[in-house]
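Asker: Have a look at this one.
The values are calculated or read from the model by the stated rules, or taken from the named source; none is laboratory data. Every value quoted in this text rests on a predicted model; they were computed, and no experiment measured them. Cβ sites come from the backbone with ideal geometry, for glycine too, and all protein chains shown count toward neighbours.
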């Protein structure tokens, strides 16, 4: 459907046109009419399908002109809050609506000044928002639209008590929207007291990976994991690579070694990095300054990074749903992408959990010419040779025997 068919305001349609959008994605086409009707919605779709616009465009239309603080968007991370704030600003550039960003990691002064000047929309992380609620800078009695974005991630990060305090302070007579890549069963308890007669909009199977992503597993002995990463980066043609590690320490180690070895600019992002460092790394990766970004799962959820050609899981995620989120950073907006996961014997249980979660066997592959040390993993499945440097999606290799 064309965006002109939904009843969006002329000012919002101008913002959409300026962004170059033409046709609504499935989640937008199904969710926007419901949001415009004032219904509570639980929206779920695979990552990279336009969930932010699905709630931002109708909310900007419903708000109309500048007034008091009426729309609150809660995000689990600073990066997501920054991204959604920018989306609201771009979509609403031809309106007189004001959007203010509220998150931790920076001083209070500028955010407090902007809030006191007046905001129609506040995009916030829970902790900093509560700080401003407690000192009286933000008052929520007039909130009419509450959005919990990436709500499953909020649960994972332990934000439920803070989110509960915020929700209880908001008026009961409001519209509440849940948007996420997954809607786990744990959310059912929340929906009973937060949402009113909600309508679920679910696009695609919750556990499925995007069809635009070709993904494969690369078994390797633990002592060769870093060497295999170097070899993959050397042989594969890439423009923008996102490498995930399980811990902050691992991100620093992997990123530091890559900075010394590969002839490409590398950035690192995780929760212990300063906000200025995190913002610069992400902006530099999006803008092409850095061709490789090493990150923890802080970059796995919701971040819209265009043109990522490859995702490499240096460590297997311990939660199966995080695998879907991680590899969904590539193959976005109908583009194609490749996702490689390196795994050792210690990680085989996590791999099997992922395969059960997505209900599919992930191909095992090897890198041609790499001097593998034998590991019992090579007996775990039939493996395909070749492919890296040729394109994973054209692999037609045969099984082979491993040399001890």
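Asker: Looking only at region 116-129, count how many residues are without any contact (Cβ under 8 Å) to a residue 40 or more places away in the chain and either in contact with a strand residue (DSSP E or B) (Cβ under 6 Å, 6 or more places away or on another chain) or more than 16 Å from residue 142 (Cα to Cα) (or both).
Answerer: 3
Asker: Could we say that residue 227 is surrounded by fewer than 16 Cβ atoms within 10 Å (Cβ to Cβ) and farther than 21 Å from residue 104 by Cα here?
Answerer: In short, yes.
Asker: Does region 351-361 hold any residues that are in a helix (DSSP H, G or I) and under 29 Å from residue 307 (Cβ atoms), and which are they?
Answerer: Passing the criteria: 351, 354, 355, 357, 358.
Asker: While we're here: On the given criteria, is residue 61 surrounded by fewer than 19 Cβ atoms within 10 Å (Cβ to Cβ) and under 24 Å from residue 172 (Cβ atoms)?
Answerer: no
Asker: Another question about this same structure. Of everything in region 12-39 that's in a loop (DSSP other than H, G, I, E, B) and surrounded by 20 or more Cβ atoms within 10 Å (Cβ to Cβ), which residue is farthest from the chain's Cα centre (by Cα)?
Answerer: Only one residue fits best here, namely 24.
Asker: All but one of (1) at pLDDT below 90; (2) in contact with a helix residue (DSSP H, G or I) (Cβ under 8 Å, 6 or more places away or on another chain) hold for residue 334, so report the exception by its number.
Answerer: Among (1) at pLDDT below 90; (2) in contact with a helix residue (DSSP H, G or I) (Cβ under 8 Å, 6 or more places away or on another chain), residue 334 violates only (2).
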